[in-house]
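A short write-up of the structure that comes next.
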Ligand code: NDP
Ligand code: 2IT
């Protein structure tokens, strides 16, 4: 059996009932075959892949909190400190009822390669809880965040592990967590990113994932003689990533006609009204069903369905495995040109293969959504030098990072004979950097 197949089999055996983790490892290791096969003997002797797929450390802890009626609830908190070969662990905190070790490990594993691709010195990690923020009062959110941090603070720090936002964790939650960390440690340091602008946050971090997604999409299209101008774009999700990718897509001349949340989706043939979307999601924290109150011409549908709308470009920005094989078939039948992942692993393996086999430009999440964590790393830099950069300065750096990232993965794909396959390119380029750092640091 080849070394890659051996390690894949081990991962499945040693991590039962974690399908998302298996899926992420399978995609990456399959892409790495050309690089592994070229050095198989040495990598096998050094157990490089076993060290890559096993987190350096994983922590699970109890998170008790009191609701507004005095009832105590107990959730699980997780942090997976996956790989620190190129820098402190870095990655978001997801608050969603579906969170378990398998989800956090898939996200942490992806994060290793994504963070390497940014070109910045950050290792891979991820955390979260099965706490459901929906419908909770502000005080309940604060109670949860404080309890969560009262345990997590022991394991993180500006030079060891720097969490940030993800699904269910935005500026409000980061603020409560930062306050508790500071109180417990007595240190004001850049231990979290995505902080508010009045206490160490970076300009552009809120917009960064969505903006970055459009910057890299734009660069890819440009290299294929295309542009975003007048393109019809469908987006899933209505959270942080979706909102700011809609904003940037519109600024670049595209027309975005859909967005969605976990209850339903909106089709607005005149183009999504961003002001309405921000009011619904950022101010009212409400469901998308009320979008029609703002835009009577729009359609609202329960359930899922954004991929049924004819488009040039599809941007999945909600969650994992939300774009399935049938969706890919429908997108191809409707003539889609590009699919670029704002979310982490939103496209299933078979849907990805179908899109690629049908000539669709496909940018995987670990490349396409890297603008968020890249700007987090810029926030860390600003915190370290105790300075604050202008919006234009951070935005220009983000654009540069996403443009370089595209060429880096494009070149890696070409180098190994997979021209145009950005999945293989991203995995190989990320792996090369992390593997070199791991090999240089010995068996640790
Ligand atoms: P938010 O919590 O701000 O928004 C998530 C959106 O996706 C919401 O509209 C939510 O709907 C929807 N959603 C979440 N889970 C499901 C589900 N199981 N089924 C259907 N819809 C769902 O999160 P973000 O925008 O920050 O994150 C979106 C994706 O982008 C995630 O995959 C995340 O890991 C990834 N990402 C985020 C980055 C960041 O900087 N924030 C950086 C890179 C990647 P509802 O509100 O109804 O739950
Ligand atoms: O998936 C991701 O890259 C994030 N949620 C952002 C992580 C970060 O540290 O900014």
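I'd like to check which helices (runs of 4 or more DSSP H) are fully inside the range 166-285 and have at least 1 residues that are under 29 Å from residue 148 (Cα atoms) and within 14 Å of ligand 2 (Cβ to nearest atom).
Values: elements: 171-185, 205-223, 240-251, 274-278.
Where helices (runs of 4 or more DSSP H) fall fully within the range 166-285 and carry at least 1 residues being under 29 Å from residue 148 (Cα atoms) and within 14 Å of ligand 2 (Cβ to nearest atom), they are 171-185, 205-223, 240-251.
So which of 138, 130 ends up being over 13 Å from the mean Cα position of the chain (by Cα), without any contact (Cβ under 8 Å) to a residue 40 or more places away in the chain and surrounded by fewer than 24 Cβ atoms within 10 Å (Cβ to Cβ)?
Step by step, each of 138, 130 is checked, and only 138 is over 13 Å from the mean Cα position of the chain (by Cα), without any contact (Cβ under 8 Å) to a residue 40 or more places away in the chain and surrounded by fewer than 24 Cβ atoms within 10 Å (Cβ to Cβ).
Confirm whether residue 350 is under 20 Å from residue 110 (Cβ atoms) and surrounded by fewer than 14 Cβ atoms within 10 Å (Cβ to Cβ).
Yes, satisfied.
From the residues in the range 82-100 that are within 14 Å of residue 59 (Cβ to Cβ) and in contact with a helix residue (DSSP H, G or I) (Cβ under 8 Å, 6 or more places away or on another chain), which one is nearest to ligand 2 (Cβ to nearest atom)?
Filtering first and then ranking leaves 91.
Of all residues in the range 112-135, how many are closer than 13 Å to residue 162 by Cα and out of contact with any helix residue (DSSP H, G or I) (no Cβ under 7 Å at 6 or more places or on another chain)?
Total meeting the criteria: 1.
Where the second residue is part of a helix (DSSP H, G or I) and within 16 Å of ligand 2 (Cβ to nearest atom) and the first is under 24 Å from residue 231 (Cα atoms) and lies in the range 264-292, which pairs have Cβ atoms under 8 Å and are six or more apart or on separate chains?
274/243; 277/243; 278/243
If a residue has to be within 17 Å of residue 359 (Cβ to Cβ) and assigned to a helix (DSSP H, G or I) to count, how many in the range 404-425 make the cut? Steps first, please.
Step one: of the range 404-425, the residues within 17 Å of residue 359 (Cβ to Cβ) are 410, 413, 418-425.
Next, from what is left, pick out any that are assigned to a helix (DSSP H, G or I): 410, 413, 422-425.
The total comes to 6.
For the range 114-138, what are the residues that are within 18 Å of residue 425 (Cβ to Cβ) and within 13 Å of ligand 1 (Cβ to nearest atom)? Even if it seems obvious, please write down each step before you answer.
Kept after step one, since they are within 18 Å of residue 425 (Cβ to Cβ), are these residues of the range 114-138: 114-119.
Of everything in the range 114-138, those that are within 18 Å of residue 425 (Cβ to Cβ) and within 13 Å of ligand 1 (Cβ to nearest atom) turn out to be 114, 115, 117, 118.
I'd like to know if the range 361-370 contains one or more residues that are without any contact (Cβ under 8 Å) to a residue 40 or more places away in the chain and not in a helix (DSSP H, G or I). Show your work before the answer.
As a first pass, look at the range 361-370 and keep what is without any contact (Cβ under 8 Å) to a residue 40 or more places away in the chain: none.
Checking the range 361-370: not a single residue is without any contact (Cβ under 8 Å) to a residue 40 or more places away in the chain and not in a helix (DSSP H, G or I).
Filter the range 5-21 down to residues that are buried (at least 19 other Cβ atoms within 10 Å of the Cβ) and farther than 19 Å from residue 320 by Cα, then give me how many there are. Break it down stepwise before answering.
First pass over the range 5-21, keeping only residues buried (at least 19 other Cβ atoms within 10 Å of the Cβ): 7-8, 11, 18, 20-21.
After this cut, where a residue has to be farther than 19 Å from residue 320 by Cα as well, the list is 7-8, 11.
Number of matching residues: 3.
If residue 431 meets every condition in (1) within 16 Å of ligand 1 (Cβ to nearest atom); (2) closer than 18 Å to residue 36 by Cβ apart from one, which number is that one?
Only one criterion is unmet by residue 431, namely (1).
Residue 336 is checked against (1) free of Cβ contacts under 8 Å to residues at least 60 places away in the same chain; (2) closer than 16 Å to residue 255 by Cα; (3) within 13 Å of ligand 1 (Cβ to nearest atom) and fails just one. What number does that condition carry?
(3)
Is it the case, given these coordinates, that residue 356 is over 21 Å from residue 307 (Cβ atoms), more than 13 Å from ligand 2 (Cβ to nearest atom), touching a residue at least 24 places away in the same chain (Cβ under 8 Å) and not in a loop (DSSP other than H, G, I, E, B)? Can you show your working first?
Details: over 21 Å from residue 307 (Cβ atoms): no; more than 13 Å from ligand 2 (Cβ to nearest atom): yes; touching a residue at least 24 places away in the same chain (Cβ under 8 Å): yes; not in a loop (DSSP other than H, G, I, E, B): yes.
Spelling it out, it is not the case that residue 356 is over 21 Å from residue 307 (Cβ atoms), more than 13 Å from ligand 2 (Cβ to nearest atom), touching a residue at least 24 places away in the same chain (Cβ under 8 Å) and not in a loop (DSSP other than H, G, I, E, B).
Condition check: in contact (Cβ under 8 Å) with a residue 12 or more places away in the chain, farther than 24 Å from residue 36 by Cβ and surrounded by 20 or more Cβ atoms within 10 Å (Cβ to Cβ). Does residue 90 satisfy that?
So residue 90 passes the test.
Select from the range 163-201 the residues that are crowded, with 19+ Cβ neighbours inside 10 Å and farther than 18 Å from residue 131 by Cβ and write down the one among them that is nearest to ligand 1 (Cβ to nearest atom).
It comes out as 193.
Any read-out appearing in this document is the output of simple, stated calculations on the displayed coordinates, not a laboratory observation. Remember, it's a predicted structure, so these values are computed and weren't measured experimentally. We place every Cβ from the backbone using ideal geometry, glycine too, and count neighbours over all the protein chains shown.
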